[in-house]
Amino acid sequence: MWLFAARDGQRPREPSTAQQFYYVARDRAGISKRGGIHLLRHALATPRLEAGTDLPTIQRLLGPGDLRTTLRSLHLARRTVLQTTSPLEGLEHVPPTPG
């Protein structure tokens, strides 16, 4: 399923057509934030990641593409980054064994 499906419903619309739909909808909604259709990717990806959805699932939701493209769509909230603990923080200090 695509957000902007072609008339036959079997494939996505051309990117330029989807971009035009986005700009018309954005302007009609009175949204003044600059940016293109990629903002929709951010709006989907970031809350999903913050809710605990794994990266492969998010990548599938965003559509085919390289994982690097998916990662660019993720903008973690500062609070989420600050609340993340290092896996090393849970380790107790273990003295080296002699020998």
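The values are calculated or read from the model by the stated rules, or taken from the named source; none is laboratory data. Small disclaimer: the values here were computed from a predicted structure and weren't measured. Quick reminder, even Gly has a Cβ in these numbers, built from the backbone with ideal geometry, and neighbours come from all protein chains shown.
Summary of values
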read-out	value
Region 1-15, subset among the small types (Gly, Ala, Ser) and within 19 Å of Leu61 (Cβ to Cβ), residue surrounded by the most Cβ atoms within 10 Å (Cβ to Cβ)	Ala5
Lone unmet requirement of (1) in contact with a Ser or Thr (Cβ under 6 Å, 6 or more places away or on another chain); (2) modelled with pLDDT of 75 or more for Thr17	(1)
Helices (runs of 4 or more DSSP H) wholly inside region 1-66 containing at least 3 residues that are under 15 Å from the mean Cα position of the chain (by Cα) and not acidic (Asp, Glu)	38-50, 55-62
